[in-house]
Amino acid sequence: MKTELNKAEYIWRELLAMEDIQEHLPPEALGFITPSIPKEGWLKYCREAQHLGLEQIAQILEISKAGLKKLETNEATGVITLRRLQEVAKALDCELIYFIRPRQKKTFSSLIWQQILPKALKTYRRRSSSRRFQNIQPAALARVAQELFRDPQVRREMQWVRNRDS
């Protein structure tokens with residue numbers, strides 16, 4: 001049964017992709033282990049790891065050493081803007097990688113699948129001539145899940161919004 005459910009989830013994701021509901025989370029983000037943040041912050045850590053002085057990086061950024069020190073402190077305390085963080089990372093010949101991912105390290109569509117699956121199975125069983133789980137047709141289950149996902153009443157019950165601006 002688990003194999004059929006996995007196949008159904010895969011088919012369901014393909015159906016979502018055809019509707020232009022795509023995952024924007026990079027695949028590498030799911031397996032990425034969340035590093036512990038150095039107490040001095042990433043900017044200072046990266047600068048010192050490359051044996052670069054404050055003056056070198058401050059010159060690239062066209063700011064004072066004190067200004068760079070303040071940016072490093074702001075980053076370490078979480079009050080730097082993303083734009084400024086990206087500028088300093090570039091000056092350090094580094095790249096800023098920024099994303100938000102589910103804590104479970106799964107795709108968003110997998111999280112939705114987990115929520116909709118019980119309702120999809122119940123609907124599938126009600127509609128199916130065979131009530132046995134061993135006879136699940138993955139494509140049929142995926143289509144039921146897709147129907148439920150589109151259904152305005154189900155979306156209200158699940159407290160899902162339809163448009164991206166809500």
Selection over region 66-98 where residues are open to solvent by 40 Å² or more (accessible area, probe 1.4 Å) and either modelled with pLDDT under 90 or in a loop (DSSP other than H, G, I, E, B) (or both) yields a count of 9
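I'd like to verify a number: residues in region 49-65 that are surrounded by fewer than 14 Cβ atoms within 10 Å (Cβ to Cβ) and either in a helix (DSSP H, G or I) or at pLDDT below 95 (or both), how many?
Within region 49-65, the first condition is being surrounded by fewer than 14 Cβ atoms within 10 Å (Cβ to Cβ), and the residues that meet it are 49-51, 53, 55, 62, 64.
Adding the requirement that they be either in a helix (DSSP H, G or I) or at pLDDT below 95 (or both) leaves 49, 55.
The qualifying residues number 2.
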Give just the number: which of (1) at pLDDT 90 or above; (2) in a loop (DSSP other than H, G, I, E, B); (3) within 21 Å of Lys2 (Cβ to Cβ) does Leu117 not satisfy?
-> (2)
Inspect region 99-111 for any residue being at pLDDT 90 or above and surrounded by fewer than 17 Cβ atoms within 10 Å (Cβ to Cβ) and give the result as yes or no.
-> no
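The values are calculated or read from the model by the stated rules, or taken from the named source; none is laboratory data. Here the structure is a predicted model, which means the values were calculated and not measured. Note that we place each Cβ from the backbone using ideal geometry, even for glycine, and neighbour counts take in every protein chain shown. With ligands, DNA and RNA removed, areas are computed over all heavy atoms of the protein, side chains included. Shrake-Rupley method; radii C 1.70, N 1.55, O 1.52, S 1.80 Å.
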